[in-house]
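These notes are about the structure you will find just below.
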């Protein structure tokens, strides 16, 4: 009778030990990070009824510099994925809890491709909001010389004052 118990314990141990190692998703190695930083100002008293937008036209992708810095060509890149994004208020103790939702899209003519989002900004967010990247491949756009971006957001309550912000986007170029 003890024999089946030992086999059961051995199988249980293999399952418990194997879970952290067996459940890792297939990760393609990152070649380099592509970081873009934009500064902008939002006015006071934006309403809670509509979605507001801030557009960033012809943002240089700096792809040639990234490739040269790493001794690569565009053909070496298999895909470029959104990694994370941060929206941070500049030199103000203002909590960003009045934001309800934030997203960043890449614009290609009439097509909008969502890169980053946070569907529900936490109430205790402080002066920085972190957004997660989508699963899309942005290589066709980030290997061009420039891109057009748009940040959209909805507010829980009217914006309290006019504030300066930094939007920092990070993409991962993968093999």
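The values are calculated or read from the model by the stated rules, or taken from the named source; none is laboratory data. Being a predicted model, the structure only gives us computed values, none of them experimental. All Cβ positions, glycine included, derive from the backbone under ideal geometry; neighbour counts span all protein chains shown.
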Taking segment 152-167 and keeping only residues that are touching a strand residue (DSSP E or B) at 6+ places or on another chain (Cβ under 8 Å), surrounded by fewer than 19 Cβ atoms within 10 Å (Cβ to Cβ) and within 13 Å of residue 50 (Cα to Cα), one is left with 152, 154, 156
Here the residues within segment 43-91 that are touching a helix residue (DSSP H, G or I) at 6+ places or on another chain (Cβ under 7 Å) and in a loop (DSSP other than H, G, I, E, B) are 61, 73, 77
Discussion item. When you check residue 121 against the structure, is it under 18 Å from the mean Cα position of the chain (by Cα), more than 25 Å from residue 78 (Cα to Cα) and surrounded by 12 or more Cβ atoms within 10 Å (Cβ to Cβ), yes or no?
Written reply: yes
Expected single match for outside any loop (DSSP other than H, G, I, E, B), touching a helix residue (DSSP H, G or I) at 6+ places or on another chain (Cβ under 9 Å) and surrounded by fewer than 20 Cβ atoms within 10 Å (Cβ to Cβ) among 113, 107 is 113
In segment 92-101, anything surrounded by fewer than 18 Cβ atoms within 10 Å (Cβ to Cβ) and part of a strand (DSSP E or B) is listed as 100, 101
Note on segment 20-40: residues surrounded by 10 or more Cβ atoms within 10 Å (Cβ to Cβ) and at pLDDT below 95 are 28, 30
Residue 60 fails exactly one of (1) within 26 Å of residue 135 (Cβ to Cβ); (2) loosely packed, with under 10 Cβ neighbours inside 10 Å; (3) modelled with pLDDT of 95 or more, namely (2)
